[in-house]
1. Setting aside same-chain residues fewer than 8 positions from K202, which aspartates and glutamates have a Cα under 20 Å from its Cα?
2. Probe 1.4 Å, all protein chains in place: accessible area of H309 in Å², nearest 10?
3. For the chain, what does the accessible surface come to per residue with a 1.4 Å probe? Please give it in Å².
4. If you take the square roots of the eigenvalues of the alpha-carbon gyration tensor of the range 168-231 and sort them as a ≥ b ≥ c, do you get rounded (a/c under 1.5), prolate (a/b over b/c) or oblate?
5. Quantify, in whole percent, the carbon and sulfur part of the accessible surface of the chain (1.4 Å probe; protein heavy atoms only).
6. Local charge sum around F103 (other residues, Cβ-Cβ under 9 Å, Lys/Arg +1, Asp/Glu -1)?
7. Need the list of aspartates and glutamates near K100 for cross-linking: C-alpha distance under 17 angstrom, and skip anything on the same chain fewer than eight residues off.
8. How big is the chain on each of its three principal axes, counting only the C-alpha atoms and giving the largest first in Å?
Amino acid sequence: GSWEKRILKSLNSMCTELNIPLAQKRPVNEQKELLNKWNEMGTDEPDLSLFRPVYAPKDFLEVLMNLRNPNYENGEQPSFRNHLGLIQVPLKVKDIPELKEDFCELGLNIGQLGIDDSAQVPPEFFENEHVRIGQKVLAEQDSAAAQQYVRQGCPTALRADLWALILNISNQPEDILYYEQLKSNVIQHNLLVDSLIYKDVKLTASNDDYYFVFEDYLYQVLLCFSRDTSVLEHFTYSSATPPKSYIQGKLGMEEYAVFYPPNGVIPFHGFSMYVAPLCFLYHEPSKLYQIFREMYVRFFFRLHSISSHPSGIVSLCLLFETLLQTHLPQLFYHLREIGAQPLRISFKWMVRAFSGYLATDQLLLLWDRILGYNSLEILAVLAAAVFAFRAVNLMEVTSLAAAEAVLADLSTLKVMPLLQIFLFATVT
């Protein structure tokens, strides 16, 4: 609650400082202009120097580090007392035996896309067979079968259709119409949040070797998304409350509160990276839009809201810290001693679901498994696996900056071997 209030306060003070309203109708000539350049918004260079991201992942981590659960102050959970990580909320997280069971399809003796030298099966034999099965799953339009199938990875040519099948996105005429309505709302009304979105794309995706070409798609999707009130429904099953703003002069009178932005989501620094990888798969704006919205309400919202859900960011942080403390205790203690708490480095990877950190082909293999297992826990496992993989170098560093340097570039990592070795080849 207080975190959401802080974000909103920051937004409102920005309005006051810059003397711009949260929302206003665009003059007709501005509407025409925006409509004409809808497909090339990236060429626009408005002055955004005054706008700042409302918050960045590291601000959010500070909030999570300060969370306490009053019910546990009396030490009812002795097992948690020796948790030396930054997260001090005792939630139940899985251990490696439980993760092995959950992620059994990642086992060493099972064919995987994303592993080049699986000794059991020649990769091209597995791939040809896997493609054939994938085509059959698509032909039958069986969503549950598709979800099971992608646990072993998606062939590139089938990924867009398989993900759409799992997410139940069919892009019907009414979906296209809905998207057009959102677009016309963007054309007609200017929101303060538009400038935040614009700035975020400029600061992140526009500077990314993989994603800068999708700049225009990102504006379209994110501007429409900010106006989509159907996104508010996801707050009914999350404990977060959407931010409300009060019409001027009516502060605190509930009936004057309007949700702001209309979708209830204030973008943070890096938010546009949830959309960027999807641009590789979907080139039709309304379909790209629907896929993103569904990924957001199923998964991504959990990465920046506070809850006790196993896929929520608090649980992921705790799972990551527990895996390291249990399986790489020397590394964990060493980094802690030098003031380089591992979570300070991995938090930004998890909040963004690794988008912008891994090479795109590797990221898509990771997101295959998020969809396949309907869970974000794999993000914490991968974060721990990255530390395990770089453990020898990390044991030699003597500062947070040096540790960050060792882990600064994840773009050469291969996700599947890392996960497999960490889960199934680590002596536990």
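1. Cα-Cα hits under 20 Å: E40, D44, E45, D47, D194, E215, D216.
2. Around 70 Å² of this residue is reachable by solvent.
3. Per residue, the chain has an accessible area of 45 Å².
4. Note, shape of the range 168-231 comes out oblate.
5. 53 percent
6. Surrounding charge for F103 is -1.
7. Hits, sequence-local ones excluded: E377.
8. 65, 56, 36
The values are calculated or read from the model by the stated rules, or taken from the named source; none is laboratory data. For clarity, every value in this text was computed on a predicted model and none was experimentally measured. Methodologically, a virtual Cβ is constructed for each residue, glycine included, from the backbone with ideal geometry; neighbour enumeration extends over all protein chains shown. For accessibility, only protein heavy atoms count, side chains too; no ligands or nucleic acids. Shrake-Rupley method; radii C 1.70, N 1.55, O 1.52, S 1.80 Å.
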